[in-house]
Amino acid sequence: DWNTQMKSSSSCTADKKEVRLIESTCEFIEAAVHTILCIRGVYPRVIFKAMQKFNAPVRMSRHEKLTDYISDVVEGLYQTMKKGIVHKVELLILKQVGDSQKLAEKYIFEIGPEIAQAKFTESIHADFRACLIRLLSMDMVRPRQKGSDLTFTLRMITSALSDSADKSWVAVGPQTDPWDRGAVTSNRKTQNLKITPIHHMKKPMS
């Protein structure tokens, strides 16, 4: 069982439906990140094992450093989502090309600040299950990234007018994606910030 083998995505045990929705969303993102890193070849498949989450097949890292890193990042995401400033989360797979890193793939988890007030319903687990199943099937229809020159990073897009993002994340610049331009928070237009974790995983792992 996923929950018995992973560090909890959040330290909160409150029964409020708003918190339960954020907790479930973070658990989904955590499972999705592990699965994507496996099936897209960012790390060798041998360091992952088959698990179940939301009654869907997923992959989970066996490597303690990678597992702890993802868990810590998701905990920071959880704390920030509770404040209602997260618009979306991005998982970027990067490929080393010469002296620079080029974006190979991007996975977007659209969230929205309203999640801080939204109510949890059991049906959300069915949606998460469907998404996780689609992730695994993607490996059969899309060529897999190859090579040892792949790495990844996670990025939150948050409201720039708030400096309350979890302290394990750091701002790296304004958001220029047209999808986010003109996002509205508290009935006024805002510029959004790109936020990434302070610490990053480096390869090869030891």
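Counting heavy atoms of the protein chains alone, residue 138 has an accessible area of about 30 Å² for a 1.4 Å probe.
Here the gap between residue 149 and residue 115, fully extended at 0.36 nm per residue and compared with their Cα-Cα distance, gives a gain of 8.6 nm. Measuring r between the beta carbons of residue 50 and residue 122 and using R0 = 30 Å, the FRET efficiency lands at 0.75. Solvent-accessible area of residue 134, all protein chains in place: 140 Å² (probe radius 1.4 Å, heavy atoms, ligands and nucleic acids excluded).
How much net charge surrounds residue 129 when only other residues with a Cβ under 14 Å from its Cβ are counted (Lys, Arg +1; Asp, Glu -1)? Don't jump to the answer; show the numbers that get you there.
Numbers: positive: 53, 134; negative: 27, 122, 127.
In short, -1.
From largest accessible area down, sort 137, 159; use a 1.4 Å probe on the protein chains. Could you put the intermediate results ahead of the total?
Values: 137 45, 159 5 Å².
Per-residue accessible area, sorted high to low, gives 137, 159.
Distance between the C-alpha centers of region 93-127 and region 52-79? Whole Å please. Their Cα centres are 14 Å away from one another.
The values are calculated or read from the model by the stated rules, or taken from the named source; none is laboratory data. Remember, it's a predicted structure, so these values are computed and weren't measured experimentally. Glycine gets a Cβ as well: all are built from the backbone with ideal geometry, and neighbour counts include every protein chain shown. Heads up: the accessible areas ignore ligands, DNA and RNA and are worked out on the full protein's heavy atoms, side chains in. Shrake-Rupley method; radii C 1.70, N 1.55, O 1.52, S 1.80 Å.
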